[in-house]
Amino acid sequence: MAKKKQGSTVYICSNCSYSQPRWLGRCPECGEWNTMEEHTDSGQSPSFGKTGSVQKAKPVPLSSVSLQEGKRLLTGIDEFDRVLGGGAVKRSAVLIGGEPGIGKSTLLIQAASSMNRQIVKDAKEIPSKGRVLYVSGEESASQIRSRAQRLNLDVQSIEILCTSRLEDIEDALNAVNPVFVIIDSIQTIYSSDAGMIPGTVNQLKYCSHELISWVKERDSVLFLTAHITKEGSIAGPKSLEHMVDTVILFERNDDDIRFLRANKNRFGSVDELGIFSMSEKGLIPVEDPSSLFIIRRTGALPAGVAVVPVFEGSRVFLVEIQALTVPSKASLSRVYSDNVDNARVSRIAAVLEKRLGLCFSDQDIYINVAGGVRLTESAIDLALASALYSARTDIPLNDKTALVGEISLAGEVRPVNRIKQRAKASSALGFTNVVAPEKESGITEVNDVKSLIRILFKK
């Protein structure tokens, strides 16, 4: 991965023009055997990983390109594999961001231990690769060993390297030739070719490119942890997210619940949500999260609370939306909402004010989602409107009612996808009345916000 010197030797595939610094019997790009030919790099053009070549790139018919489905490595953590799209794809790079102490290192050391067992099990397929390399630029080896011992993890075949120098990491990668590579974190890595200060834009681009280029040439998976800014986005240049194949963000609520969500995934969906519980044994996947965000009460449901079944990937969660309205203390009312977009709350309040004559313009609106999960789909509109009306009138809803549907600016309730599955999940958790814009068994049909209020509040 180091820079090629003038006159250095490269091996180029005669079939697809793939190049790399060492001879291989089989081309990793096209899969042909004995096509790697020796060439001398003249040094007249820059080299960029595997794309650097002394020959001009030539177009090939798209129809002649072979379809090779990427093989996946299971991390052994179901919720992690779900967010990755069914496991980590070989020759891919995954970037994981999250605030300090949220559990990024814990998740990866747990995955490394589980994946190591799989590598040993599959040793007949890849006999020359049976190791996991954990590179730490922030913690000492004793700290990582102490965490692994506390979590009771098997670390027999995990190689640990505590360094921030890219050149040391390159040497270790070539010597160990690991299947599973962890860099914790990318902001601490530096190379003398890009300066001596870690974390700069040039360092992040250069070091990430070199590491990704190495893993793209081999049947390995690269995991990079990253720092985040106070706004919650990954620190550094945006090009860092473009370079990797998958971008995952770690989030938390006020309790010990952690959410794992993909912002980008070239090999799977970005709609899946992984849910973990942090305990003294590490991150424990929540196997049945459908009722995790429902508050079990012994008394009646308070005003301003509505339940909605939401889809996150392939699973249905029942989530409680809580609303509160109080007279504005200033001439301008405000909306306070962390887990539902403020613009959505303002739009639904405006529809209720226009279509029902219920004034919200002189009210401060507070919206909360039980459990801290972030809601983005339009199917929550009906429950949000019901919670706002209930909070404004101080009339509670029936505690066995779940609502799902999208509300237009005209006050109409529009259907959303997979209503039957949402109704089935609601019924399984004891919600006998499902209000939705669809006429089906077990569903109360509603067409507009006026009929919604008549059905829910008998007005």
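Bear in mind that the values in this text are calculations on the coordinates, not laboratory data. A quick note: this is a predicted structure, and the numbers were derived from the prediction, not measured. FYI the Cβ positions are ideal-geometry reconstructions off the backbone, even for glycines, and counts take in every protein chain you see.
Taking 13 Å as the straight-line reach from the Cα of LYS205, the aspartates and glutamates in range (excluding those fewer than 8 positions away in the same chain) are ASP193, GLU241.
Of the peptides 358-370, 327-339, the order by per-residue mean of other Cβ atoms within 10 Å, starting with the highest, comes out as 358-370, 327-339.
Based on C-alpha pairs under 8 angstrom that are at least 6 apart in sequence, the chain has a relative contact order of 11 percent. Computed from Cα atoms, the angle from the helix 419-428 axis to the main principal axis of the chain rounds to 80 degrees.
Once the Cα atoms are used to define both axes, helix 201-216 deviates from the longest principal axis of the chain by about 70 degrees. Applying a threshold of 22 Å to the alpha-carbon distances of LYS71/LYS238; LYS104/LYS264; LYS400/LYS459; LYS400/LYS439 flags LYS71/LYS238 as lying beyond it.
Over the chain, all Cα pairs binned in 20 Å intervals from 0 give whole-percent P(r) values of 22, 43, 27, 8, 0, listed from short to long. On a 0 to 90° scale, report how tilted helix 342-356 is relative to the longest principal axis of the chain, with both axes built from alpha carbons and the result rounded to the nearest 10. Around 20 degrees separate the two axes.
Using 0.36 nm per residue and subtracting the Cα-Cα separation, the extra length available between ASP255 and GLU440 on full extension is 62.8 nm. Residue separation of GLU32 and ASP341 scaled by 0.36 nm, minus their Cα-Cα distance, works out to 106.1 nm of gained length. Share of antiparallel DSSP beta bridges in region 72-287, in percent to the nearest 5? Here the antiparallel bridges make up roughly 40 percent for region 72-287. Straight-line cross-link reach from LYS424 at under 13 Å between alpha-carbon atoms covers these aspartates and glutamates, not counting any fewer than eight positions away in the same chain: GLU440.
Treating r as the C-beta distance of ASP362 and GLU406 and R0 as 41 Å, the FRET efficiency rounds to 0.95. Structural descriptor for region 305-457: relative contact order 25 percent, calculated from alpha carbon pairs under 8 angstrom and at least 6 residues apart.
Region 305-457 gives an Rg/Rh value of 0.95, both radii derived from C-alpha positions and Rh following Kirkwood.
Which of the listed residues, PRO302, LEU84, TYR18, is farthest toward the dipole's positive end in the chain, when Lys, Arg count +1 and Asp, Glu count -1 at the beta-carbon? Of the options given, the answer is PRO302. Net length available on complete extension from ALA428 to SER314 is 39.4 nm, with 0.36 nm assigned per residue and the Cα-Cα distance removed. For region 161-301, the normalised intensity computed at q = 0.16, 0.17, 0.19, 0.21 Å⁻¹ comes to -0.97, -1.06, -1.22, -1.35 (log10 of I(q)/I(0), Debye sum over alpha carbons, equal scatterers, no solvent). Inter-label distance, MET196 to ARG454: 7.9 nm, where each label sits 7 Å from its Cα along the C-beta direction.
Sorting 412-424, 75-87, 24-36 by average packing, meaning the other beta carbons within 10 Å per residue, from highest down gives 75-87, 412-424, 24-36. Modelled spin labels at LYS420 and LEU24, positioned 7 Å past Cα toward Cβ, are 4.7 nm from each other.
Set against the 2.2 N^0.38 Å expectation for a compact globular protein, region 72-287 has a Cα radius of gyration ratio of 0.94.
Between region 220-266 and region 183-202, what is the C-alpha centre distance in whole Å? The two parts, judged by their Cα centres, are 18 Å apart.
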